[in-house]
Amino acid sequence: MKELKNYPLYEVTPVHSIRELLKIAEDEAADKTAFRYRVDQDTIRDITYRDFIRDVHALGSALTERGLIDAHIAQIGENSYRWITVYLAALAGDGVYVPVDKDLPEPDILNILNHSDSTVLFYTGTYDDLVRRNADGALARIKLFIRVTNDDRVSDEDCRADYFGDDPRFVSYRDFIAHGYELLDGGYDKYDAHVSGEYDLKMIVYTSGTTGMAKGVMLSEHNLISIVYYGLQVSTVYETCLSVLPYHHTYEAVAGILVSLHHHSTICINENLSLVLKNLNTYKPDYIYLVPAFAEVFYRKIWSTAEKTGKAGGLRALIKTSNGLRKVGVDMRKKLFKTIHESFGGNLRKIVCGGAPIRPEIGEFFDAIGIDLINGYGITECSPLVAANRDYFNDWNTVGSVLPCVEIRFDDVTPEGIGEICVKGDIVMLGYYKQPEATAAVLTKDGWFSTGDYGTMNERGQLIITGRKKNIIVLANGKNIYPEEIENYIQNIPYVKEVVVYSLRNEHGEEVKLCAEVFLNDEKVEEMAITDPAASLKTDIAKATAALPSYKQIAKIVIRQKEFEKTTTNKIKRQSITGSTQA
């Protein structure tokens, strides 16, 4: 274990457009497997880069012939290979791609489709009823509905039957792409002429905010390509990944899929979140993109299994031995922790985490067993990557080094050196779609975007996130508290599943004390033979936060009977909780 020291950026092939990205992949890796996915219990299908790019061109050609390749093209449905073909066909055209969160309620879906001015909709069978009921009403502006059947075993006839009738606005994905192939085989080349400007609007991504109407983040092709080019310079990827996170999120769609395509990796599609561990063993990837909550699940499962089998003490001793060997230049982690590595497929080298800071002890644990846990930081408005830790310059207390194309400044800096993170550079959005006032509130005319996140920079130039601006607690004594910091301490208690820290107010409405609202892991409570959870929590929270100053200590504890309400990105909706209790 060497002292942290930065090193030169990775060399990456320059790329200036999505079309160029695909062309480079076809020239350099045409026969390599681009995608792998499960057809049924016993069958895995491989798609080469050549065949994938041909699928993209077939879809693009069919849209072009319909006069819709320059349209706003929306897509909603489950992760699949076909989702990705639509995504790339739209990006490589001169229209605008609109991914829609599949977990939103119907009114929000309809609102996004209308607000985004979408006139083409790709959708899966899950949304048959919604489409049928609204095709002539709320969705009347949609000119073409393309129904996507992800099951390769379904016959062409079953794809068509009973869904479309004689309405020319409706077509199946299979019929549509088959027509695209007919066009290509006949020499049709008009799709290639539809190229958007590098700085034109390319994608509208609607944020899943915890309050109020979602805003449509406008991203240009230059934004997307900048993440690919500069992101790979900071943190590389390898040969095979397992693609898990929803494709309507920019983290997976841009930092995951586009980055992997430019690296010519093989992308294995995870069809269901419940199958992640099974698919890790099926596909044996060497890297995976996750949100911190997933890493937390893996971490807890490993320790829970060790405790149940009586091997927790041995695991701790093994980690201590391994760390001692590493200090003298001997790395035995793959051998010493072989059983854990095999549970992840045997080849996993890197977990890339985004969406929220990770707890340092989780990063330290994965490093100890020989898997790099790389935490990054970003926001949809920044396409979505601002900073990432590096493979050999990785500090779990930080979110790493900012991309080479990014400038950072801190506004409203406190005496402790913490300020609001502001970002400028190639990754910053064009603005919010049809919302100039909302845009002006966060984006200056000279390009500085106010993230709403607070943080600072360490002496090595790595970015540290302390909390969200909207979550900050300002006590009556003037002390600023970032609840996320305290929550990280409490989250270390084994039987705490979820926690939110917020302020208690006095009769004058002043924030004077802190409350921790906790949802317990009942299985862990039973396993640890805890008979009085309230008393145990009081003791354990006091121990967990003992190193914090007195004004950050918890004055009241509330035990919840059900999980906190979440957004579709699995973030707790704090606004429905914070400040609701009086001292």
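Taking Cα atoms only, the orientation of helix 292-308 departs from the longest principal axis of the chain by about 60 degrees. For the stretch 116-131, putting each phi into the Karplus relation 6.51 cos²θ - 1.76 cosθ + 1.60 with θ = phi - 60° gives couplings of 7, 6, 6, 10, 10, 9, 8, 8, 9, x, 4, 10, 3, 5, 4, 5 Hz, in residue order, rounded to whole numbers and with x for Gly and Pro. Structural size metrics of the chain, computed from C-alpha coordinates, are Rg and Dmax of 24.8, 77 Å. Residues whose amide H lies under 5 Å from that of Thr119, counting only those 5 or more places away or on a different chain, are His72, Ala74; hydrogens are built 1.01 Å from N in the peptide plane. Counting only aspartates and glutamates at least 8 places from Lys311 when in the same chain, those with an alpha carbon closer than 16 Å to its own are Glu527. Taken one residue at a time, the phi angles of the stretch 23-31 give Karplus couplings (6.51, -1.76, 1.60, θ = phi - 60°) of 5, 4, 4, 5, 5, 9, 8, 3, 8 Hz. Gly and Pro are set to x. By the helix-only formula, in which each DSSP H run with n ≥ 4 contributes -39500 (n - 2.57) and the sum is divided by residues, the chain has a 222 nm mean residue ellipticity of -9500 deg cm²/dmol. Here the convex hull built on the C-alpha positions of the stretch 353-400 has a volume of 59 cubic angstrom per residue.
Counting 0.36 nm for each residue step from Ala135 to Asn477 and taking away their Cα separation leaves a gain of 117.4 nm. From most to least packed by mean Cβ count within 10 Å, the peptides 87-100, 410-423 give 87-100, 410-423. Under a 5 Å amide H cut-off, with hydrogens placed 1.01 Å from N, Leu514 pairs with Leu504, Ala555, Lys556 among residues at least 5 apart or on other chains. Annotation: the antiparallel percentage among DSSP beta bridges lying fully within the chain is about 55.
Per residue and in Å³, how big is the convex hull formed by the alpha-carbon atoms of the stretch 273-468?
Spread over its residues, the Cα hull of the stretch 273-468 gives 155 Å³ apiece.
Ranked by the mean number of other Cβ atoms within 10 Å of their residues, highest first, the peptides 504-515, 525-536, 118-129 fall in the order 118-129, 504-515, 525-536.
Scoring 253-261, 388-396, 469-477 by mean Cβ neighbours within 10 Å over their residues and listing the highest first yields 253-261, 388-396, 469-477.
Using 20 Å as the Cα-Cα cut-off, could you pick out the over-long pairs in Lys497/Lys538; Lys215/Lys497; Lys102/Lys571; Lys524/Lys573; Lys284/Lys308; Lys524/Lys571? Before the final figure, lay out the partial values.
Numbers: Lys497/Lys538 16 Å; Lys215/Lys497 31 Å; Lys102/Lys571 16 Å; Lys524/Lys573 25 Å; Lys284/Lys308 26 Å; Lys524/Lys571 22 Å.
Those over the limit are Lys215/Lys497; Lys524/Lys573; Lys284/Lys308; Lys524/Lys571.
Working from label points 7 Å from Cα in the Cα-to-Cβ sense, the Asn570 to Ala312 distance is 2.3 nm.
For the stretch 217-287 and the stretch 395-430, write down the distance between their C-alpha centroids in whole Å. The two parts, judged by their Cα centres, are 24 Å apart.
Within the stretch 194-317, DSSP assigns beta bridges of which about 45% are antiparallel (rounded to the nearest 5). As an equivalent ellipsoid, the stretch 472-582 spans semi-axes of 23, 17, 12 angstrom, where each value is the square root of five times an eigenvalue of the C-alpha gyration tensor, largest first. Couplings 3J(HN,Hα) for the stretch 84-96, derived from phi with the Karplus relation 6.51 cos²θ - 1.76 cosθ + 1.60 (θ = phi - 60°), are 5, 5, 5, 3, 6, 4, 5, 5, 7, x, 10, x, 10 Hz, where x marks Gly and Pro.
Here, each number is a calculation from the coordinates, and none is a lab measurement. Computed from a predicted structure; not experimentally measured. When we count neighbours, we look across all protein chains shown, and the Cβ atoms used for this are built from the backbone with ideal geometry, even at glycine.
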